[in-house]
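Asker: First the structure, which I've put down as structure tokens, then a few questions once you've had a look.
Quick note: the coordinates plus some simple rules give every number you see, no bench work behind them. What you see is a predicted model; the values in this text were computed from it and never measured. Note that each Cβ is placed from the backbone with ideal geometry, even for glycine, and that neighbours are counted across all protein chains shown.
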Amino acid sequence: MNEPLLSVIVIGRNEGERLSRCLASVQAMRDPGGPVEIIYVDSASRDDSAARAQALGARVIEVRPERPSAALGRNAGWREAKAPFLLFLDGDTVLHPDFVADSLPDFDDPRVAVVWGHRRELHPEHSLFNRVLDLDWVYPPGLSEFCGGDALMRTEVIRAVGGFDAGLIAGEEPEMCQRIRALGYSILHVDRPMTGHDLAMTRWTSYWKRAFRAGYAYAEVSARLRHTAFPLWVAESRRNVLRGGFLSALLLAGATVSFLVKNPAPLGLALAALLALVLRSAWKARWKGGDARTLLWYGLHSQFQQMPILAGQISCWIDRWRKRSRFLIEYK
């Protein structure tokens, strides 16, 4: 095969049938204008993911670190890639057939280092969690501060910044994007479909762990970037401490006072205040789309998630104080 134009790097851990679906979507993409190589990086799966990928024609790299992370997998993939452009995908996603071919021309601007499009849930109808969290993927198009795990990138720029920070268990893409921006490059979010994602969330515990992981990433990344030219998430982390602390205190105080005075009114007032915040968040999120009921649930999610996010931040602070490394936080 001639030198590839594009290296597709798929990372996964115990993905099973989701991985087969992901790789099939890569093979079905519209011709981007040159050869494509597919690399699958497996992070110590306990299922047959590696064998599935090999059977579908992907080059398989297996990594078995003591502390697995998405960053380690992505680094292992791009370091073996031969193409000038990299497409990073998570193994639980499905690639839109036109995304790469439509997005490569955006790199005609030499300042653009990363192009990413819309990631949406494949099955928002399967659970309330899927339906609500689908709106979390909606970002306004244009220049952005960071991208997510699915993105098209210039290999030379990734090499210049040294790739992803393997010490991070989450938030590795936003952190790397700040180092890319520090070199004068830009991150471009385009208004076109990119991937479908299979969140497959049906349990409350999974929802809590996902938000907890986000909080851990906020605290870890903001601490690393606090004194740089692009102090990502510093303001968001502070704001979450205030919001998460306020909501926790509000509900706890309402329940405690109601119990002590044997009157539900204080708790009712706390819940009314929470409802007002929920309605405010739902109204502000209406640009994301969705019907009124979904937006209402999204407003509740926007408020309630502040508490597990705060718990994740506190956990990160404790780990840093104890000089302890946290293992991968998985919510599936």
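Asker: Can you spot the lysines whose alpha carbon is less than 28 Å from Lys284's alpha carbon? Ignore those fewer than 8 places along the same chain.
Answerer: Partners within reach: Lys209.
Asker: For region 13-95, how big is the tail of P(r) above 19 Å, as a whole percent of Cα pairs?
Answerer: Details: 1115 of 3403 pairs.
Tail fraction, whole percent: 33.
Asker: For the pair Leu128 and Arg79, what calculated FRET efficiency results from E = 1/(1 + (r/R0)^6), where r is the Cβ-Cβ distance and R0 = 35 Å, to the nearest 0.05? Write down the numbers at each step before the final one.
Answerer: Values: r = 40 Å, r/R0 = 1.15.
E between Arg79 and Leu128, to the nearest 0.05, is 0.30.
Asker: Further question on the same structure: If you take the alpha carbon radius of gyration of region 1-150 and divide it by 2.2 N^0.38 Å, what ratio comes out, to two decimals?
Answerer: Details: Rg = 15.6 Å, N = 150, 2.2 N^0.38 = 14.8 Å.
Dividing the Cα radius of gyration by 2.2 N^0.38 Å gives 1.05.
Asker: For a distance above 12 Å, tell me the whole-number percent of Cα pairs in region 291-332 that qualify.
Answerer: On the way: 599 of 861 pairs.
That tail contains 70 percent of the Cα-Cα pairs.
Asker: What number, in nm² with one decimal, is the all-direction average of the projected area of the convex hull of the alpha-carbon atoms of the chain?
Answerer: On the way: hull surface 72.4 nm².
Projected area, direction-averaged: 18.1 nm².
Asker: Order these by the 10 Å Cβ neighbour count, fewest first: Asp150, Asp319. Please list the in-between numbers first.
Answerer: Working: Asp150 21, Asp319 15.
Ordered by Cβ neighbours within 10 Å, fewest first: Asp319, Asp150.
Asker: Then there's this: Could you work out which residue, out of Glu172, Glu66, Glu125, moves most in a Gaussian network model of the chain, that is, has the largest mean-square fluctuation with Cα springs under 10 Å?
Answerer: Glu66
Asker: While we're on this one: Find how much the distance from Ile318 to Ser248 grows on full extension, using 0.36 nm per residue of separation minus their present alpha carbon separation; answer in nm with one decimal.
Answerer: Values: separation 70, 0.36 × 70 = 25.20 nm, distance 1.93 nm.
Net length gain for the segment: 23.3 nm.
Asker: Follow-up. If contacts are Cα pairs under 8 angstrom and at least 6 residues apart, what is the relative contact order of the chain in percent? Display every interim value, and only then the final one.
Answerer: Numbers: 614 pairs, mean separation 57.1, N = 332.
Worked out over the chain, it gives 17 percent.
Asker: With the calculation restricted to Cα positions, what are the radius of gyration and Dmax of region 204-332 in angstrom?
Answerer: Considering region 204-332 through its Cα atoms, Rg and Dmax are 16.8, 54 Å.
Asker: Something else about it: Once phi is turned into ³J(HN,Hα) by the Karplus curve 6.51 cos²θ - 1.76 cosθ + 1.60 with θ = phi - 60°, what whole-Hz value does each residue of region 92-103 show in order, with x for glycine and proline?
Answerer: 9, 10, 10, 7, 6, x, 9, 4, 5, 4, 6, 9
Asker: What does the C-alpha gyration tensor say about the overall shape of region 92-169? Classify as rounded when a/c is under 1.5, otherwise prolate if a/b is larger than b/c, or oblate.
Answerer: Numbers: a/c = 2.25, a/b = 1.55, b/c = 1.45.
Note, shape of region 92-169 comes out prolate.
Asker: To continue, here is another question. Counting Lys and Arg as +1 and Asp and Glu as -1, what is the net charge of the other residues whose Cβ lies under 15 Å from the Cβ of Leu225? Could the numbers behind the result be given before it?
Answerer: Working: positive: Arg179, Arg181, Arg224, Arg226, Arg238, Arg320; negative: Glu145, Asp165, Glu172, Glu173, Glu175, Glu220, Glu236.
The answer is -1.
Asker: For Val60, what residues show an amide H to amide H distance below 5 Å, using hydrogens built from the backbone and excluding near sequence neighbours?
Answerer: Tyr40
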